[in-house]
Each structure stands twice: as structure tokens, then as C-alpha cells.
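Below is one structure; the comments refer to it alone.
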Amino acid sequence: MVFTTESLSDAHRRKWGGSSADVKVYRAPGRVNLMGEHTDYTEGFVLPIALDLACYVTRSKNASGELRVVSENNGQERRWPTSALPVVQPMHDWSDYIVGIAKELFRAGYPVEPANLRVHSTVPIGAGLSSSAAIEVATALALLDGRSIPDIELIQLCRRAENRFVGMPCGVMDQYVCVKAGAGSMLEIDCRTLESHAAPWPEEVAILAVNSMVRHELGQGAYRTRVAECAEARDLLGVRALRDATLDQADTLHGELRRRTRHIVSENARVHDFLAAGSPAERGELFYASHASLRDDYAVSCPELDSLVEIARGIEGVYGARMTGGGFGGCTVNLVDPAAIPEFEAKVRQDYLAAYGVVPGIYRCMPSAGAARQV
Ligand code: GLA
């Protein structure tokens, strides 16, 4: 669902008062990653698109000396004197994203002015579609309120807020695509050089995300463990990052570290193969190979995601399916012939319901533009 500036501004004024000229609207999208999973924190390659699902943060000034925020998603409200923001401690809830961004803005020399914010996100939470980066980037833009900042600084600042204050050791992919994506295209990001390259998405293939409705809790352990395993493998191999390893080198390692390294090396290659692929069928095969690697070598899938991939595989007109994002729940991403979408939706709903007693969420993903003020 896409909100108009007017409806967002009206909702803001119903809560905080003021005139429509006082309210500014900022939008930052969620994302779905097409290829390159868990490669960003090994200085590798990723290939996400931004979604039309987004977080909207509206902003007006106030004279209270406070930063005041209301979340439309859960009805909660928080207030902090702006002077106290640098010493606020994490609450382990949604407000950590707001405070984390405020702190990083202070550190970077962009002091936060008293303001009223209203947050309304249409990115499902915990579904692996990067609701976190969306709220971080939309909040940063709202708190900057027109002060200019280089894209890369904004991206790094938002990632630091998540690493340091929220406590999730994520890579740079989500914040990067949220800021830099272009409508109609996928974005190949080199997570070492932080350079990127947009490639047009072929209109004859539809991208559908299917939500397993298993909420992933990335901060809790497994993601951190994978980051640590990659660092250990890197040190054992004596390379700058696992991005520099080869399959032969991976095979000199043992057990889990061998499998983790195999995933990183093969997944980076799949990003380039995906970009070079000539047909939807070839791209689809790379999707299935990526899923197998994430399931067997990287061990970040779960039975529900595996089942969604197998259901998709049996439907005519589906080119490929794989889990997307951090894993342990969240979504699969599917490449589908547009003519097969009704059949896909019906079959996925029916078979997943029969297997798990849960109706999956299904979202048609339109490659959308990155974050900006919405006028
Ligand atoms: C999460 C992280 C990203 C990335 C993905 C896996 O979304 O925030 O940095 O590591 O998992 O590809």
C-alpha cells in the first residue's frame, strides 16, 4: 500500500496539530534480495531491489525541547529531551531504531532538533524484508530535515545505528539499497568498495515474496554466529575477507567452517551468474541452487521456508524460488511468469495452509525507488 503525502500529513496533524505546511513526509523502502545472501558482511556482492512497501516518517517542529515519536503500527508514544538523547539506553523495542539514529547523527555532527515524528511502516516486521533499514533511513531523513548528507555517509550512519545501538551485527546491504535503489532495477552492490551498478529488471518476470509467517529474530544468536564463523574462516585462510576465498581454499577447512565458506564463495559467483544469465529459466535454477546452499551449507533456512520453495517448484510457470534475507523464517522470493500468478497464489496458500495451518502473506514486488522526501 502506498500512502499519499496528503493522507500522511493529515494523520500527523490529527496527532500533533499544526498546519499542513509544517509537516514533511519522508519515505524509505523495504527490500527483497535476489541473490547474494549473507555475503555482505564478508565484503562480497549482493543484488537486492527496493520494494513499494515502505516506512513513512512525518515530521513537524515543536518548541518543547523534546523529540516526540508516535508509532502508528503499535500505538506507542515516546518522548526524550533532545539534550538527553546521547545518553539514552536501549529499550529493546522499536524506539531503539529512532534513538540509535539520533545518537549517530549527533556523533556525525548533525544535532537533532526538537520535533514531532509519526512512524507508519507497511513493511511487515520480522519478515526478512528489511523493516529495520526502512525505519532507520526514514528516521534519519526526517531528523536531518533537508540538511544534506552524502549517500554513503547516510548508509554507514544507519548501519552503525543498527550495529551499535540495536545490537545487530548486520552488513551494509539493507541500508544501501534503501538509500540508492532505482525504480525498475536491481542494484548490484560491491560491499567492499561500496560501489553499485543498477541493472534493469526484465518486465516479463514477476517477483513475488511469500511470507512463511515465522518471525525471524536475527539479533538472537544465529546471525551473530554466522558472522563469527566467517571471521574465523577468514583468519584461518589468511585472506582479507571470505570474498577473496576460492572453493579449493574452502575445501582445506573442516566441518561447518568448510560449508560456510563454500556457501559464501558459491553465492558470490551466483550474483555474477545471475546478472549474466540469458533466460528466466537460468535465473530460476540459480535461485534453487542458492536456496540449497543456504539450507545445507550455511544452515540458515527452516522447514517452513524449505516447504515454500518445494511448493513453488511444483507449480507451472515458476522459474525459481529461494529464501531471502537473514533466514530462520521470513520470506521466500519467487520468479514467476506473470500469467501464472493466480495459480501460484492459490496453490501456495492451499499447500502451505495444509502443511502448517498458516496462511502465508504473498506480496508482488515492484522494483521501487530509494528513500526520499515525498512531496
Ligand atoms: C540481514 C542483514 C543483511 C544481510 C542479510 C543476509 O538482512 O541485515 O545485512 O546480511 O541479512 O543476506
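The values are calculated or read from the model by the stated rules, or taken from the named source; none is laboratory data. A quick note: this is a predicted structure, and the numbers were derived from the prediction, not measured. Counting neighbours? That spans all protein chains shown, and the Cβs are built from the backbone with ideal geometry, glycine included. What goes into the accessible areas is simple: the full protein's heavy atoms, side chains included, and nothing from ligands, DNA or RNA. Shrake-Rupley method; radii C 1.70, N 1.55, O 1.52, S 1.80 Å.
Key figures for this structure:
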quantity: Gap separating the Cα centres of region 32-52 and region 334-375, nearest whole Å; calculated: 19 Å
quantity: Under 26 Å from K103, Cα to Cα: lysines that are on another chain or at least 8 residues apart; calculated: K15, K24, K61, K180
quantity: Percentage relative contact order, the chain, counting C-alpha pairs under 8 Å, at least six apart; calculated: 23 percent
quantity: Region 263-306 shape via C-alpha gyration tensor axes, a/c threshold 1.5; calculated: oblate
quantity: Gyration tensor over alpha-carbon atoms, region 203-365, equivalent ellipsoid semi-axes in Å; calculated: 30, 19, 11
quantity: Region 203-365 - accessible surface per residue (Å², probe 1.4 Å); calculated: 43 Å²
quantity: Distance between region 95-126 and region 259-332 - C-alpha centres, whole angstrom; calculated: 33 Å
quantity: Radius 11 Å from Cβ of G109, net charge of other residues (Lys, Arg +1; Asp, Glu -1); calculated: 0
quantity: Percent RCO, i.e. relative contact order, over region 5-199, from Cα pairs under 8 Å lying at least 6 residues apart; calculated: 27 percent
quantity: The chain: angle of helix 95-107 to the longest principal axis, Cα-based, in degrees nearest 10; calculated: 80 degrees
quantity: Residues whose placed amide H lies under 5 Å from that of S185, excluding near-sequence neighbours; calculated: W201
quantity: Tensor-based shape of region 1-113 (alpha-carbon gyration tensor, a/c under 1.5 rounded, otherwise prolate or oblate); calculated: oblate
quantity: Tilt relative to the chain, helix 151-160 - C-alpha long axis, 0 to 90 degrees, to 10; calculated: 80 degrees
quantity: Against the rule of thumb 2.2 N^0.38 Å, how large the Cα Rg of region 82-207 comes out; calculated: 1.11
quantity: Angle between the chain longest axis and helix 5-16 axis [Cα atoms, degrees, rounded to 10]; calculated: 50 degrees
quantity: Space enclosed by the convex hull of the alpha-carbon atoms of the chain, per residue, Å³; calculated: 135 Å³
